[in-house]
Amino acid sequence: MNAKKPTFQQADSSKRFNERYSGEKQDKKAPHFSPHSSRGKKDDKRTFSRERTPTKSAEKVQQRTELTMGNARGTANVKVVIKSTGVKEKQKKTGPLSPRAPEKIKKNRAEEMKVYGENTCLALFAERPESIVRVWTTVEMAHRVGELFSYLAANKKVYHVVDSKELALVSGTEHHNGICMLVKKPRHFTLSGYLDIPREKDALILLDNVHNAHNIGGIVRTCAVYGVKGLVLSEADLLNSAAAMRVAEGGAEYVHTLLADSSEQALEKLREKGYQIVHLSQSKQAKPFAQLKLSDKVAFVLSESAGENLAKNHDEVVNLSLANPLKAGLNVAVAAGVLLAKWAEKTL
């Protein structure tokens, strides 16, 4: 009795376990499947190298999605690669702009900056909400800034709710406190314009050769606490730093930047307007700080180098502590607190 010979169809099933890329090594760890378990299903293992060329009418890209699936016994995992054709997304460019970039983009890049930190962003929202361009927050922070989100929605401003990891990429730091804003840079004033308005009592801080963003932020925060409204600078962008504004904890919204061409020029204008100039020194021959009597209008000079080099005949040069055994004095941000505390005592 002749046994009926089985017939096989010349279909994809004959190639299922044999067809490979040219030069591809066979995966010895590939899980075994019985013919019945994979019958009637698409091939989960192969990825063909033959792809259609995208049409010229639309730029497209092959998108790959990987899924992990277990077999019937749950003893092995299969990585399934699914290919689909979609429109290629435009990637945002960062870094230096091309010389051929549109003028509008160049202008926005020059006029905008990012700020982060809860107190910094909320103070900015309270004082100049119109300067906000875009906002990113975490889910947790979004529940705490409902008023901000209501304002953004009402004024059709863009906002994003993202996770902490993505927010770190957007802000450039892990110390974002759950919120980051793209805002217009604050407006600066000139020292000359500020001095044109007569004042009976006033205190200013002049920064000479101070560039550390954290020190600047600490000084701005101290000025805001003691009600000092002006910070004299010769470099406009010293306060346009996200790190400085975060350390200031919102103080940058209450302290004006007063620009001058140089520290020497600024001091000459202050002397002409009757301001007492106070410099700090480590010299033992300097006047003890406790003996200093402040005038109604005073400008404190803070420097990360020898600030007394700018002193003139009628300026005050004081030493904060004659008992100091260190070669270095106080950090400029701490020194600002000591000086302004003495000023606060006079104004009480």
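The values are calculated or read from the model by the stated rules, or taken from the named source; none is laboratory data. Just so it is clear, the model here is predicted, and its values are computed rather than measured. Ideal geometry is used to build each Cβ from the backbone, glycine not excepted, and the neighbour counts take in all protein chains shown. With ligands, DNA and RNA removed, areas are computed over all heavy atoms of the protein, side chains included. Shrake-Rupley method; radii C 1.70, N 1.55, O 1.52, S 1.80 Å.
Numbers at a glance
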read-out: Euclidean distance of C-alpha centroids, the stretch 314-348 and the stretch 230-265, integer Å; value: 20 Å
read-out: Extension gain from ALA110 to SER192, taking 0.36 nm per residue of separation minus the Cα-Cα distance; value: 27.1 nm
read-out: Separation in nanometres of the label points that stand 7 Å from Cα toward Cβ, at ARG144 and ASN209; value: 4.1 nm
read-out: Cα gyration tensor shape of the stretch 106-184, rounded if a/c is under 1.5, else prolate or oblate by comparing a/b with b/c; value: oblate
read-out: Neighbour cut-off at most 15 other Cβ (10 Å), DSSP loop, trypsin sites (Lys or Arg not before Pro), the stretch 277-348; value: LYS284, LYS293, LYS312, LYS327
read-out: Point-to-point label distance, VAL133-ARG271, nm (Cα→Cβ direction, 7 Å offset); value: 4.2 nm
read-out: Above-threshold pairs, the threshold being 31 Å between Cα atoms, out of LYS114/LYS297; LYS114/LYS269; LYS312/LYS346; LYS156/LYS185; value: LYS114/LYS297; LYS114/LYS269
read-out: ³J(HN,Hα), Karplus 6.51/-1.76/1.60, whole Hz, each residue of the stretch 145-159, x for Gly, Pro; value: 10, x, 5, 4, 5, 4, 5, 4, 5, 5, 9, 6, 9, 7, 9
read-out: Accessible surface, the stretch 106-184, averaged per residue in Å² (probe 1.4 Å); value: 54 Å²
read-out: Table column - 3J(HN,Hα) (Hz), the stretch 208-224, Karplus curve with 6.51, -1.76, 1.60, x for Gly and Pro; value: 10, 6, 10, 10, 5, 4, 5, 5, 5, x, x, 5, 4, 4, 5, 4, 5
read-out: Extension gain from GLU304 to LYS156, taking 0.36 nm per residue of separation minus the Cα-Cα distance; value: 48.8 nm
read-out: Share of carbon and sulfur in the accessible heavy-atom surface of the stretch 189-347 [1.4 Å probe, %]; value: 50 percent
read-out: Virtual spin-label span in nm between LYS165 and LYS284, 7 Å along Cα→Cβ; value: 6.0 nm
read-out: With every protein chain in place, the stretch 106-184: carbon and sulfur % of accessible area (1.4 Å); value: 50 percent
read-out: Linear extension gain, LEU322 paired with GLU200, 0.36 nm per residue minus alpha-carbon span; value: 40.7 nm
read-out: Cut-off under 5 Å, modelled amide H: who pairs with HIS160 long-range; value: VAL135, TRP136, THR137
read-out: For ALA299, residues with placed amide H under 5 Å, excluding near neighbours; value: LEU204, GLN276, ILE277, VAL278
read-out: Karplus (6.51, -1.76, 1.60) ³J(HN,Hα), θ = phi - 60°, over the stretch 336-348, in Hz, Gly and Pro reported as x; value: 4, x, 5, 5, 6, 5, 5, 5, 5, 5, 6, 7, 6
